[in-house]
Each structure stands twice: as C-alpha cells, then as structure tokens.
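Asker: Dumping the structure here so I can ask a few things about it.
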Amino acid sequence: MGSGFVNIEDLRSGRDRIAVVGLGYVGLPLAAAFGRRNRTIGFDISEEKISELRRGQDSTGELTADDLAETDIEYTVDPARLKEARFHIVTVPTPVDHHKKPDLTPVRSASGMIGRNLSHGSVVVFESTVYPGVTEEVCVPILEKESGLRCGVDFKVGYSPERINPGDKIHTVENIVKVVSGQDAETLETVAAVYGMIIKAGIHKASGIKVAEAAKVIENTQRDLNIALMNELAIIFNKLGISTSDVLKAAGTKWNFLKFTPGLVGGHCIGVDPFYLTYKAEELGYHPQVILAGRRINDGMGKFVAEMTVKKLIQANKAVKGARILVMGLTFKENVPDIRNTKVVDILHELREYEVEALVCDPLVSQMQARREYGIELTDIDSIEPVDGVIWAVAHDRFRGISATRLKSICSNGNGQGVVIDVKACLDPVKIESEGLIYWSL
C-alpha cells in the first residue's frame with residue numbers, strides 16, 4: 001500500500017489495530033481469530049453483548065470462555081474507540097424487510113459510524129452480505145460524507161464475503177478459503193495479507209469488489225435452490241406415497257448426485273441472501289424466475305408441514321380443533337441458539353389457524369429470547385402434560401436421547417394414536433410405528 005496507508009507490518013507489530021464492527025455469529029469468531037495474533041478492537045452497539053463478552057461469555061455458543069481468554073480484544077460500545085484502528089472490518093447483519101426487500105440500515109449505520117471516526121490511511125473491508133455494488137455505491141459515499149475524506153486518496157475499501165457456518169466446529173474461520181477484494185491492486189494485496197495472518201485454508205483474490213459481492217450471494221442462492229428442489233420432490237413423493245429419504249438414499253449411490261435433503265430454510269443467510277440478488281436484478285429490469293420460484297417453495301414448507309400434521313391427526317382419529325402438539329426445536333438450524341428468521345414459526349402460525357395448541361420446547365433458546373422475538377413461552381419437555389402429537393422440527397443433538405418409547409408416553413393424550421412428524425427424517429420410522437404411533441417425515 002502506498003505511503004501513509006496502513007500496512008501489514010504495522011498491524012503485526014501492534015502499531016496499528018484491527019477493528020471488527022458487529023460481534024455476532026460472523027464478527028466474534030473473526031475478531032477472536034485476529035485477537036489471537038493482533039491488537040483488536042471489538043465493537044458492538046449492544047451493551048448487553050459487550051458486558052457478556054467482557055465476562056468471557058458468548059451467548060451464540062460459538063466460543064468458550066477459554067477461547068475468549070486467549071485473545072487480545074478490547075470490547076467497546078464507544079464508536080470513538082474506532083479512531084484507534086486503521087483496518088476496519090464490518091460484519092453487521094443485512095436482513096430483508098417485511099416486503100422481502102434488502103434492509104441496508106445496519107450497514108449504512110455502520111458506515112456512518114466508521115466514517116465519523118475514520119483516520120487518514122485507513123482500509124475499510126465489508127463482510128456483510130450485500131448485492132453487487134453496495135460497497136462502492138452505498139457505503140463509500142457515506143464514509144466520504146461523514147469523514148470528509150476521499151476514497152482512493154485518503155482511505156481505501158475492500159470486500160470479503162463471510163463464510164461462517166454457525167454451530168460448525170470444523171469449518172471455522174481459519175479453515176475456510178477466504179475470498180478477498182479491493183478497490184485497486186494495492187488494496188487487494190493489503191487485504192489479502194491481513195486475512196492471510198489468520199487464514200490457513202488459503203486466500204482467493206477476486207478480480208473486483210462487485211465480483212466478491214456477487215460470489216457471496218450466489219453461494220447461498222445455489223444452496224437455497226438445491227434445497228427447494230428437494231422440498232418440491234418431497235411434496236411430490238408424499239402424494240405418491242413413497243419415502244423421500246428412501247428415494248434420496250437410492251439416488252445418492254450415483255457418483256455425481258448432490259446430497260441435499262428437504263427441510264425448513266430459515267436463518268440469516270440462505271433464506272435471505274437470494275432476495276439481495278433478485279432485488280438488484282429487478283432494479284436492472286430483469287425478473288428472476290428460477291431463484292424466486294425456489295424461494296416460494298422454501299417459504300411454503302412450514303405451512304406444508306402444519307397441513308400434514310393436521311391430516312395425520314385426522315388419520316389418528318384425533319379432533320383437530322383443540323389438539324395439543326409439542327414442537328421440538330425453535331432455532332433456524334440444529335445445535336445453535338439462533339432463532340432469527342426461523343421457519344418453525346411458520347408451522348406455529350399455520351397450526352394456530354386450525355385452532356391447534358402448539359407447545360414449543362428448545363433447550364438451546366432462552367425464555368427471554370423466545371418471548372422477545374416471537375411472543376413464545378417455551379415448555380419444558382420433562383414436565384409437559386401428554387399431547388396428541390409431536391413435530392420434531394429441529395434435529396438438535398440434545399434431542400437424540402429421546403426414544404420412541406418416550407415419544408409414545410408424550411403422545412398419550414386422549415383417544416386415538418399419537419402422531420410423530422419428523423421434519424428432518426432423523427428418526428427410525430420402524431421403531432416409531434412399532435410403538436403404535438403414526439409417523440410422517442418430510
């Protein structure tokens with residue numbers, strides 16, 4: 001990097017600091033990785049989160065107290081502390097609004113805050129998922145306005161898509177190939193060198209910022225579409241009366257068959273990112289068809305599961321109105337406490353339409369969080385009164401010890417057979433049915 005700009009040696013020696021803005025599932029593991037090697041500032045707007053981290057507690061469950069103790073991170077809610085750093089990484093969320101349109105409020109806010117505390121010679125790298133063009137067309141003007149500095153002259157920008165997989169202890173920050181980009185060749189080399197301090201799996205230098213932005217949104221769009229295909233197949237196979245799981249096992253013996261499975265697609269990535277790409281495409285006058293079709297299928301799976309639950313209750317000679325169903329799991333995926341954009345709530349809303357009482361248990365989610373986000377009062381599975389059926393919605397490891405016999409005792413409410421709905425096909429149907437229960441899986 002040219003004279004006066006932050007460089008790798010200043011960061012290695014501690015003369016300059018790295019600042020990570022946003023300490024959620026993406027930002028905290030990244031800050032910890034840098035904090036094991038560099039002086040790092042960890043910023044978040046949540047005072048509660050910063051207090052927890054200062055006590056060595058990570059509410060996301062991604063890092064242990066020992067993990068945090070090994071790092072040199074100064075946690076803060078004071079934006080002025082960002083003046084102490086000259087390499088800034090933005091890892092704030094980028095959700096969609098109720099109309100499925102990109103909500104850039106967090107990234108705009110972060111850009112403004114960094115701009116007001118931006119030092120000459122700084123590099124700002126965005127990791128938040130965006131559509132191609134946001135970094136240069138939305139964030140840079142905000143940085144310039146708030147700082148009074150000129151991009152390319154007084155500071156530089158780059159983009160490096162996050163690839164964090166919550167709950168995955170194998171594909172951690174250091175073990176995932178890192179895509180990096182910069183506004184010019186010098187910035188690209190600096191960004192690559194900085195991330196190269198922590199990444200073991202290798203660095204891929206994208207040809208431009210828009211390329212890196214686009215790479216991120218299509219990673220999850222591709223996965224979204226593959227799961228949508230599996231979900232549509234599950235609906236078809238259900239009508240044919242054959243097991244989706246058995247079909248996929250048979251097809252999976254072919255060497256090039258892609259092993260995706262049906263399920264609920266929520267969370268802050270796969271269920272959101274495709275809308276960033278389709279929004280930009282429509283802005284350019286192109287109406288995406290395949291991508292939006294996949295989104296429609298996946299967004300309808302909660303309703304489908306609820307409808308199949310009602311059909312199975314009828315098959316079991318149960319009265320639907322007033323039936324009690326235990327829903328096991330609330331998070332958007334297994335073994336994480338994150339309930340953002342969870343599609344389990346779609347099942348709950350649809351059951352409510354049938355006047356079915358849905359009880360929810362999830363040992364990974366706090367009562368306060370469930371109540372605050374969705375107005376849900378969690379139930380303790382060990383003290384629950386008998387219900388008419390169970391929807392095994394999330395395949396938490398914590399649920400593995402629940403046997404078919406235990407499910408039968410849970411589903412012993414009134415007349416008729418108990419019903420077990422296995423969303424992720426993680427149970428043994430033979431064992432379930434041997435207990436006299438009605439079994440159905442997606």
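Asker: I'd like the full set of residues that are without any contact (Cβ under 8 Å) to a residue 40 or more places away in the chain and surrounded by 19 or more Cβ atoms within 10 Å (Cβ to Cβ), limited to the stretch 64-75. Don't jump to the end; show me each part of the working.
Answerer: Restricting attention to the stretch 64-75, the residues satisfying the condition of being without any contact (Cβ under 8 Å) to a residue 40 or more places away in the chain are 64-70, 72, 74.
Within the stretch 64-75, L68 is the sole residue that qualifies.
Asker: Quick one: which of V356, V344 is within 21 Å of the chain's Cα centre (by Cα), modelled with pLDDT of 95 or more and β-branched (V, I, T)? Steps first, please.
Answerer: Details: V356 fails: within 21 Å of the chain's Cα centre (by Cα).
Only one candidate passes the filter, namely V344.
Asker: Can you find even one residue in the stretch 319-332 that is hydroxyl-bearing (S, T, Y) and either buried (at least 17 other Cβ atoms within 10 Å of the Cβ) or assigned by TED's automatic domain parsing to the domain that holds P95 (or both)?
Answerer: As a first pass, look at the stretch 319-332 and keep what is hydroxyl-bearing (S, T, Y): 331.
From the residues that got through so far, the ones that are either buried (at least 17 other Cβ atoms within 10 Å of the Cβ) or assigned by TED's automatic domain parsing to the domain that holds P95 (or both) too are 331.
Yes: one or more hits.
Asker: OK, next. Quick check on the stretch 271-284. Is at least one of its residues assigned to a loop (DSSP other than H, G, I, E, B), touching a residue at least 60 places away in the same chain (Cβ under 8 Å), of a type in the set (G, A, S) and crowded, with 21+ Cβ neighbours inside 10 Å? If you could, list the steps in order and put the result at the bottom.
Answerer: The first filter runs over the stretch 271-284 and keeps only residues assigned to a loop (DSSP other than H, G, I, E, B), leaving 271-272, 284.
With touching a residue at least 60 places away in the same chain (Cβ under 8 Å) added as a condition, the list becomes 271-272.
With of a type in the set (G, A, S) added as a condition, the list becomes 271.
Imposing the further condition that a residue be crowded, with 21+ Cβ neighbours inside 10 Å reduces the set to 271.
Within the stretch 271-284 (the criterion being assigned to a loop (DSSP other than H, G, I, E, B), touching a residue at least 60 places away in the same chain (Cβ under 8 Å), of a type in the set (G, A, S) and crowded, with 21+ Cβ neighbours inside 10 Å), the answer is yes, since at least one residue qualifies.
Asker: Further, regarding this structure: Going through the stretch 320-376 one residue at a time, which ones are free of Cβ contacts under 8 Å to residues at least 24 places away in the same chain and under 18 Å from V390 (Cβ atoms)?
Answerer: Answer for the stretch 320-376, where residues must be free of Cβ contacts under 8 Å to residues at least 24 places away in the same chain and under 18 Å from V390 (Cβ atoms): just R352.
Asker: Quick check on the stretch 33-70: of everything there that is within 25 Å of N335 (Cα to Cα) and among the polar types (S, T, N, Q), which residue is modelled with the lowest pLDDT?
Answerer: So the residue we want is T60.
Asker: Check G267, G263, G294 and return the single one that is out of contact with any helix residue (DSSP H, G or I) (no Cβ under 7 Å at 6 or more places or on another chain), of a type outside the set (V, I, T) and under 23 Å from H98 (Cα atoms). Write out each step before concluding.
Answerer: On the way: G263 fails: out of contact with any helix residue (DSSP H, G or I) (no Cβ under 7 Å at 6 or more places or on another chain); G294 fails: out of contact with any helix residue (DSSP H, G or I) (no Cβ under 7 Å at 6 or more places or on another chain).
Going through G267, G263, G294 in turn, just one is out of contact with any helix residue (DSSP H, G or I) (no Cβ under 7 Å at 6 or more places or on another chain), of a type outside the set (V, I, T) and under 23 Å from H98 (Cα atoms): G267.
Asker: Next up: Got a number for residues in the stretch 98-142 being among the acidic types (D, E) and touching a residue at least 60 places away in the same chain (Cβ under 8 Å)?
Answerer: Going through the stretch 98-142, the residues among the acidic types (D, E) turn out to be 103, 127, 136-137.
Now drop any that are not touching a residue at least 60 places away in the same chain (Cβ under 8 Å), which leaves 127, 136.
So the answer is 2.
Asker: So which of L11, L30 is at pLDDT below 95 and aliphatic (A, V, I, L, M)? Give the steps one after another, and end with the answer.
Answerer: Values: L30 fails: at pLDDT below 95.
Only one candidate qualifies: L11.
Asker: Condition test on D58, is it of a type in the set (D, E) and in contact with an Asp or Glu (Cβ under 8 Å, 6 or more places away or on another chain)? Give the derivation first.
Answerer: On the way: of a type in the set (D, E): yes; in contact with an Asp or Glu (Cβ under 8 Å, 6 or more places away or on another chain): yes.
Spelling it out, D58 is indeed of a type in the set (D, E) and in contact with an Asp or Glu (Cβ under 8 Å, 6 or more places away or on another chain).
Asker: Is it the case that the stretch 168-180 has a residue that's over 18 Å from V26 (Cβ atoms), at pLDDT 95 or above and crowded, with 21+ Cβ neighbours inside 10 Å?
Answerer: First, the residues of the stretch 168-180 that are over 18 Å from V26 (Cβ atoms): none.
Looking through the stretch 168-180, none of the residues is over 18 Å from V26 (Cβ atoms), at pLDDT 95 or above and crowded, with 21+ Cβ neighbours inside 10 Å.
Asker: Determine, yes or no, whether K200 is among the basic types (K, R) and closer than 30 Å to V157 by Cα. Show your work before the answer.
Answerer: Numbers: among the basic types (K, R): yes; closer than 30 Å to V157 by Cα: yes.
It is true that K200 is among the basic types (K, R) and closer than 30 Å to V157 by Cα.
Asker: Follow-up. Can you tell me how many residues within the stretch 382-395 are touching a Leu at 6+ places or on another chain (Cβ under 7 Å) and at pLDDT below 95?
Answerer: So the count comes out to 1.
Asker: Test A358 against the stated conditions and say whether it is within 23 Å of I242 (Cα to Cα) and surrounded by 14 or more Cβ atoms within 10 Å (Cβ to Cβ). Step through it out loud before you land on a result.
Answerer: Numbers: within 23 Å of I242 (Cα to Cα): no; surrounded by 14 or more Cβ atoms within 10 Å (Cβ to Cβ): yes.
No.
Asker: Is there any pair with a first residue in the stretch 34-46 that is free of Cβ contacts under 8 Å to residues at least 40 places away in the same chain and a second that is aliphatic (A, V, I, L, M) and surrounded by fewer than 22 Cβ atoms within 10 Å (Cβ to Cβ) whose Cβ atoms are under 6 Å apart and which are 6 or more apart or on different chains, and what are they?
Answerer: Taking only residues 6 or more apart or on different chains, the pairs are D44/I50.
Asker: Return the residue satisfying two criteria in turn: it lies in the stretch 403-440 and is under 19 Å from I314 (Cα atoms) and among the hydroxyl-bearing types (S, T, Y), and of such residues it is nearest to the chain's Cα centre (by Cα).
Answerer: Among those that are under 19 Å from I314 (Cα atoms) and among the hydroxyl-bearing types (S, T, Y), it is Y439.
Asker: Can you name the residue in the stretch 294-318 that is closer than 19 Å to R223 by Cα and among the aliphatic types (A, V, I, L, M) and is also surrounded by the fewest Cβ atoms within 10 Å (Cβ to Cβ) among such residues? First the steps, then the outcome.
Answerer: Going residue by residue through the stretch 294-318, those that are closer than 19 Å to R223 by Cα are 294-302.
Checking the rest, the ones that are also among the aliphatic types (A, V, I, L, M) come to 297, 301.
Values: I297: 22, M301: 25.
Top of the filtered list is I297.
The values are calculated or read from the model by the stated rules, or taken from the named source; none is laboratory data. Fair warning: this is a prediction, and the values are worked out from it, not measured in the lab. A quick note on method: Cβ atoms are made from the backbone with ideal geometry, for glycine too, and the neighbour counts reach across all protein chains shown.
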